[in-house]
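One structure is given here, and the rest of the page talks about it.
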Amino acid sequence: MASQKGSYADDLKEPVPDARSGSLTKRGLISGACALSTIGLGAYLFGRAVKASPLPFPKSAQGLTRLRVSLPMSAVCVAPIVAAEHYGIFRSYGIEPSFLSWTKTDALLETLATAKADIGIGMIMQFMKPLEQGYNVKLVAGTHGGCMRIVGSKKQGISSDITSLKGKTIGLTDINGFAYNTFALLLHQHGINPNKDVAWRSYPDPLLPMALEKRDIQAYAGSDPLMYLAQERANGDLIEILSNLSGSWHNLACCVVATGTETLKRDRQTIYNFSMAALAAAELCANDPEKVAQFYKQYSKSNATLNDIVKILTMQTHHVHPMKEDLCNQIRLYTQQLRDIGVFNSTTDPGVFSKRITENLVAERRS
């Protein structure tokens, strides 16, 4: 168990690909719609490379199965995963994880596509469009809900009434990214056309508050802790308009455990064990967020205080972690909504698609 701070010192370093990565040349995959075909091709080639001789996961000296886990270390919502190692949860399921931190969607996708990671933790919306294009990954478990929101400036006419966004410009970091897809769906659900009733403008994360101050945008969208801290520092000007717990999404998962299809073939039992450990960590967080926050704080990449982290974790729904049919049903709902706003192809069948990209691991039993 890595319980000392130094054990996480390498969480930002990419491990050297081992023999099980195959001979696929590393390619920089660009996030967004323009890269989806490249991602699909890379996933296909990767699948061909390892299909012939999948190797078992390595073992530690203590007999624990070693897994490489790609996750956004700066996102507070992964605090339970990080804390799970400290509190022995992974070890109780026979796993010794090492963490590789991603900061952009393309990095998450690339680590899975090139076998530099065995497991990925990320937003469901980061996976949806690449999966529609044939990306060779399965979603196996939801981890929680509620880590994204849109906030707007009261000085610029924004209120908690969603219709106050009409005619306004919303800032975000990636026009084609998961934040756009998330809030385009939520706006559509609340009667606002995301393509006609609002404008979207892209800025790097640090420049969003400045763009709001200059009145280039009237609202912006993103994930915590960025959004929470922005509200805290705005002297009451920023008001939350929507979150990914709004309306019918109040009991849906927004983040998910994902793994490659070839990884599943190598050892379904280990992936099941990891998923169950992640869900046990989520329950720990739901019941005692301060305990999780205290450990996570020393590895947080943001300026959030311990109290901030506790509040953010409390706002999120770490008791929501669907698997099996529950996860499939939630993916089907997201698929239908993405098709309704034109992000997905009109020919994509939500029922067929949701079954294809999810994997039922509930029937697996621990050894």
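Quick notes on this structure:
- Strands (runs of 3 or more DSSP E) contained in region 148-235 and holding at least 1 residues of a type outside the set (Gly, Ala, Ser), touching a residue at least 40 places away in the same chain (Cβ under 8 Å) and surrounded by 15 or more Cβ atoms within 10 Å (Cβ to Cβ): 148-153, 169-172, 219-223
- Identity of the residue in region 236-276, among the aromatic types (Phe, Trp, Tyr) and more than 30 Å from LEU212 (Cβ to Cβ), that ends up most open to solvent (accessible area, probe 1.4 Å): TYR272
- Qualifying residue in region 236-257 (condition: hydroxyl-bearing (Ser, Thr, Tyr), assigned to a loop (DSSP other than H, G, I, E, B) and within 30 Å of ALA141 (Cα to Cα)): yes
- Residue match in region 129-137 (condition: hydrophobic (A, V, I, L, M, F, W, C), in a helix (DSSP H, G or I) and open to solvent by 10 Å² or more (accessible area, probe 1.4 Å)): no
- Boolean, LYS291 is open to solvent by 70 Å² or more (accessible area, probe 1.4 Å), at negative phi and touching a helix residue (DSSP H, G or I) at 6+ places or on another chain (Cβ under 6 Å): no
- Scan of region 70-100 for residues that are of a type in the set (Gly, Ala, Ser), in a strand (DSSP E or B) and open to solvent by less than 20 Å² (accessible area, probe 1.4 Å), ordered by number: SER70
Rundown of residues vs (1) small (Gly, Ala, Ser); (2) modelled with pLDDT under 95, yes/no style:
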site	(1), (2)
ILE217	no, no
PRO225	no, yes
LEU238	no, no
GLY247	yes, yes
GLU283	no, no
LYS297	no, yes
THR314	no, no
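- Qualifying positions in region 262-307 - outside any helix (DSSP H, G or I) and β-branched (Val, Ile, Thr): THR305
- Within region 327-352, the residues that satisfy the criterion of being in contact (Cβ under 8 Å) with a residue 40 or more places away in the chain, in a helix (DSSP H, G or I) and either open to solvent by 60 Å² or more (accessible area, probe 1.4 Å) or within 27 Å of LYS196 (Cβ to Cβ) (or both) are LEU333, TYR334, THR335, GLN337, LEU338, ASP340.
- Cβ-Cβ distances below 9 Å connect the following pairs, each with a first residue in region 243-269 that is of a type in the set (Phe, Trp, Tyr), a second residue that is part of a loop (DSSP other than H, G, I, E, B), and a separation of six or more residues or different chains: TRP249/GLY146.
- The residues of region 230-275 that are charged (D, E, K, R) and touching a Phe, Trp or Tyr at 6+ places or on another chain (Cβ under 6 Å) amount to a single one, ASP267.
- Selection count, region 76-110, where residues are closer than 21 Å to LEU64 by Cβ and either β-branched (Val, Ile, Thr) or out of contact with any Pro (no Cβ under 7 Å at 6 or more places or on another chain) (or both): 19
The values are calculated or read from the model by the stated rules, or taken from the named source; none is laboratory data. This is a predicted model, so every value here is computed, not measured. Using ideal geometry, Cβ is built from the backbone for each residue, glycine included, and neighbour counts are taken over all protein chains shown. Remember, those area values only see protein heavy atoms, side chains included, never the ligands or the DNA or RNA. Shrake-Rupley method; radii C 1.70, N 1.55, O 1.52, S 1.80 Å.
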